[in-house]
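Below you'll find the structure, written out as structure tokens, and then a few comments.
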Amino acid sequence: MQHFSCIAKKRVAWESPAAHFNKNNSKVNFMKTGIRKALYKKSKEVGEGKIQGYTFEKEFNAKEFFEAYKDTGFQATNLGKAIELAKKMRKEKATIILGFTSNMGTSGIRDTITYLVKNKLVHFVATSTGGLEEDIIKTHGNFLHGSFEADGAKLRENGVNRTGNIFVPNERYIWYEKFCSGVIKKVYETSKKTGKTITSTEIVKALGKEMETLPKKEESFTYWCHKNNIPLLCEPLNDGATGDHLYFFKKGHPDFSVDMVKEVEEMYDFVLSQEKIGTIIIGGAVPKHFIMNACMTREGADYTIYLNTGYEGEGSNAGANPNEAKSWGKASADENNVKVWSEATITFPILVAAAFKL
């Protein structure tokens with residue numbers, strides 16, 4: 001009991017810092033002049049505009065809804081700027097180069113890309129080989145809903161490939177082997193007759209032309225690039241399932257070879273011949289670097305839009321923002337560029353709806 005009464009006495013004797021300050025006028029003055037000064041620092045009106053989201057109190061208006069992104073803050077503001085830049089590209093009749101990684105062909109973004117190419121809203125396309133082959137494969141069989149958490153070993157037992165939460169039965173790739181190998185054989189036989197070197201761009205064009213026989217060809221951006229004579233480059237063509245088939249064909253035809261330099265020439269010549277260039281690039285990897293590296297030859301793209309989740313701190317190509325691109329002369333030195341740090345299956349359809357559809 002004596003021990004507890006000592007504690008109680010100590011508790012009674014304890015005073016809060018504020019009460020202690022009040023006993024000393026100099027410390028009261030400190031509170032007024034020191035703490036208050038720190039808490040109520042005088043400010044200037046730095047910044048511009050007003051942060052405000054779209055109000056749903058009135059009748060919904062799609063145009064006003066998309067325009068509200070730029071005033072919402074965070075990545076919505078960056079997406080709003082991307083929308084404005086894409087509109088500016090179109091208004092000023094810039095040549096638009098669209099680049100994307102293969103997972104966009106795997107996902108439903110493939111259909112959004114097909115819309116842009118079919119309607120000639122973009123003028124040059126660069127993707128990875130997976131983007132090309134999975135676009136073609138989808139004209140044969142659907143990709144299916146799956147799960148990010150699916151057991152990979154069990155999927156393997158059942159011949160099912162997983163990309164994120166999308167399942168691709170291996171039967172699709174077995175079909176593509178027959179389709180692709182047939183095209184490679186035709187290109188090779190033509191080369192033997194003409195004596196001309198086979199180029200990677202020639203194979204891509206041949207794949208597009210061969211799609212004319214497929215019932216669902218009009219769902220494909222590869223087909224529409226062929227149909228509308230829009231350049232389509234795949235970087236690098238010797239990757240993915242197509243790379244497998246090039247390997248198999250080489251084993252049976254030792255003299256078979258593919259010139260990979262032609263696509264570089266085609267890309268560089270294209271960007272150098274345009275008055276204004278606008279780039280819209282989804283993801284990172286080779287397509288992003290291939291496009292922006294070519295733009296160095298003209299002191300940068302006039303307009304640049306990146307949509308990806310790359311982290312700048314790792315120093316990767318995907319993580320590099322437009323400001324870094326300026327240092328290389330890949331993007332123009334002005335403010336006509338933006339990175340939307342986002343998962344593109346969410347943001348790219350919004351960009352297309354707002355800047356290319358409305």
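The values are calculated or read from the model by the stated rules, or taken from the named source; none is laboratory data. Note that the coordinates shown come from a computational prediction; the quantities given were computed from them, not determined experimentally. Cβ: placed from backbone, ideal geometry, glycine included. Neighbour counts: every protein chain shown.
Find all pairs meeting these conditions: Cβ atoms under 8 angstrom apart; at least six residues apart or on different chains; first residue within segment 47-64 and modelled with pLDDT of 95 or more; second residue assigned to a loop (DSSP other than H, G, I, E, B).
Qualifying pairs under 8 Å: Ile51/Thr72; Ile51/Gly73; Gln52/Thr72; Gly53/Thr72; Tyr54/Thr72; Ala62/Leu358; Lys63/Leu358; Glu64/Tyr54.
Results for (1) at negative phi; (2) in the same structural domain as Ile109 (by TED's automatic domain parsing); (3) crowded, with 18+ Cβ neighbours inside 10 Å; (4) under 26 Å from the mean Cα position of the chain (by Cα), shown as yes or no for each residue.
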position	(1), (2), (3), (4)
Asn161	yes, no, no, yes
Phe179	yes, yes, yes, no
Leu214	yes, yes, no, no
Asn228	yes, yes, no, yes
His245	yes, yes, yes, no
Phe248	yes, yes, no, no
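Is one or more of the residues making up segment 257-276 in contact with a Phe, Trp or Tyr (Cβ under 6 Å, 6 or more places away or on another chain) and either crowded, with 22+ Cβ neighbours inside 10 Å or more than 24 Å from Lys93 (Cβ to Cβ) (or both)?
No, segment 257-276 contains no residue that is in contact with a Phe, Trp or Tyr (Cβ under 6 Å, 6 or more places away or on another chain) and either crowded, with 22+ Cβ neighbours inside 10 Å or more than 24 Å from Lys93 (Cβ to Cβ) (or both).
From the list Thr114, Thr190, Thr199, which one is exposed (fewer than 14 other Cβ atoms within 10 Å of the Cβ) and of a type in the set (Val, Ile, Thr)? Step through it out loud before you land on a result.
Values: Thr114 fails: exposed (fewer than 14 other Cβ atoms within 10 Å of the Cβ); Thr199 fails: exposed (fewer than 14 other Cβ atoms within 10 Å of the Cβ).
Testing whether each residue is exposed (fewer than 14 other Cβ atoms within 10 Å of the Cβ) and of a type in the set (Val, Ile, Thr) leaves just Thr190.
Within segment 246-260, which residues are closer than 15 Å to Ile198 by Cα and touching a residue at least 40 places away in the same chain (Cβ under 8 Å)?
Answer for segment 246-260, where residues must be closer than 15 Å to Ile198 by Cα and touching a residue at least 40 places away in the same chain (Cβ under 8 Å): Leu246, Phe249, His253, Phe256, Ser257, Val258, Asp259, Met260.
For Phe74, all conditions in the list (1) farther than 22 Å from Ile280 by Cα; (2) modelled with pLDDT of 95 or more; (3) loosely packed, with under 12 Cβ neighbours inside 10 Å hold save one; what is the number of the exception?
The single condition Phe74 does not satisfy is (1).
Glu263 fails exactly one of the following numbered conditions: (1) closer than 14 Å to Ile203 by Cα; (2) in a loop (DSSP other than H, G, I, E, B). What is the number of that condition?
With (1) closer than 14 Å to Ile203 by Cα; (2) in a loop (DSSP other than H, G, I, E, B) applied to Glu263, the lone miss is (2).
If Tyr115 satisfies every condition in (1) within 30 Å of Gly146 (Cβ to Cβ); (2) touching a Phe, Trp or Tyr at 6+ places or on another chain (Cβ under 7 Å) but one, which is the exception?
The single condition Tyr115 does not satisfy is (2).
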